[in-house]
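Trainee: One structure follows; several queries about it will come next.
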Amino acid sequence: MSLKAAVLMGSNSDLPKIQGCIDILKKLGVETTVRVMSAHRTPDVVADFTDNAIANGYGVIIAAAGGAAHLAGAVAAHTLLPVIGIPVEGGAFHGMDALLATVQMPGGIPVATVGVGSGGATNAGLLAAEMLALADPALREKLAAERAARREKVLAADAEIQNAL
C-alpha cells in the first residue's frame, strides 16, 4: 500500500497559490488529501488530523500558510511524519513574514521549508513525492521521468534559442 500525502492550508484563499503542489502530486499519482484548517482558528481540527495521520495512511504532510504561518509548526508538534511548510506569498510583507515564521522552528520540531511563490509550492510537492518514493520504487521511476522531462524542456529551449540566433 502506498502512503498518502496531505496538503493542508490555513485558508481557502491559499489554494491558487499552492495549486502547483497539488498538481505535481496528482501528476505523479500520489494519493492526496487537501484540507483547510487553521492553527489559530481550528487548533482542535489540526491536532485531531495530525494525531491520526499515521494511522490513516499518510506518509508526509504539507502545510501552507501566510502571515504568522503557524500551521506547519502546529502540525509538526502533533506528528512524527515529515512536515513540509509552504510560506504563502501575500500580505503586507509579501510572504517574508510567512517564510520567517515557517523556517524558524525551535530545535526538536523540524519543518522542511520551501521558497515563497509558485516554485516553492511545486517544490513542496516534489519533495513530498521524493520522501514517499524512498519506500515506493514505482513513484521513484515517475520522479525520474518527471526530472528527465524537465531536462528535455530546457534543452529544447536552448536549441530553439541557438537556432534563432
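The values are calculated or read from the model by the stated rules, or taken from the named source; none is laboratory data. Being a predicted model, the structure only gives us computed values, none of them experimental. Please note: Cβ atoms are built from the backbone with ideal geometry, for glycine as well, and neighbour counts cover all protein chains shown. Areas reflect the complete protein model, heavy atoms only, side chains present, ligands, DNA and RNA absent. Shrake-Rupley method; radii C 1.70, N 1.55, O 1.52, S 1.80 Å.
Trainee: Take the range 58-85 and flag every residue that is modelled with pLDDT of 95 or more, assigned to a loop (DSSP other than H, G, I, E, B) and open to solvent by 30 Å² or more (accessible area, probe 1.4 Å).
Mentor: 78, 80, 82
Trainee: For the range 18-44, name all the residues that are closer than 15 Å to residue 72 by Cβ and assigned to a helix (DSSP H, G or I).
Mentor: Residues satisfying the conditions are 18, 21, 43.
Trainee: Also, quick follow-up: So which of 144, 121, 149 ends up being in contact (Cβ under 8 Å) with a residue 24 or more places away in the chain and either open to solvent by less than 50 Å² (accessible area, probe 1.4 Å) or part of a helix (DSSP H, G or I) (or both)?
Mentor: Unique residue meeting the criteria: 121.
Trainee: Now for a different question. Looking at the range 124-141, which of the residues that are under 23 Å from residue 61 (Cβ atoms) and of a type in the set (Asp, Glu) is surrounded by the fewest Cβ atoms within 10 Å (Cβ to Cβ)?
Mentor: Checked the range 124-141; the qualifying residue surrounded by the fewest Cβ atoms within 10 Å (Cβ to Cβ) is 130.
Trainee: While we're looking at this one, here's another question. With the structure loaded, tell me whether residue 112 is open to solvent by less than 10 Å² (accessible area, probe 1.4 Å), without any contact (Cβ under 8 Å) to a residue 60 or more places away in the chain and hydrophobic (A, V, I, L, M, F, W, C) or whether it fails that test.
Mentor: no
Trainee: Please verify whether the range 86-109 includes one or more residues that are farther than 21 Å from residue 73 by Cα, open to solvent by 90 Å² or more (accessible area, probe 1.4 Å) and either assigned to a loop (DSSP other than H, G, I, E, B) or in contact (Cβ under 8 Å) with a residue 60 or more places away in the chain (or both).
Mentor: For the range 86-109, residues farther than 21 Å from residue 73 by Cα, open to solvent by 90 Å² or more (accessible area, probe 1.4 Å) and either assigned to a loop (DSSP other than H, G, I, E, B) or in contact (Cβ under 8 Å) with a residue 60 or more places away in the chain (or both): absent.
Trainee: Can you tell me how many residues within the range 124-137 are free of Cβ contacts under 8 Å to residues at least 60 places away in the same chain and either part of a helix (DSSP H, G or I) or more than 30 Å from residue 70 (Cα to Cα) (or both)?
Mentor: Of the residues in that region, 4 qualify.
Trainee: So, of the residues in the range 19-41 that are under 12 Å from the mean Cα position of the chain (by Cα) and either over 19 Å from residue 59 (Cβ atoms) or among the acidic types (Asp, Glu) (or both), which turns out to be least open to solvent (accessible area, probe 1.4 Å)?
Mentor: The qualifying residue least open to solvent (accessible area, probe 1.4 Å) is 20.
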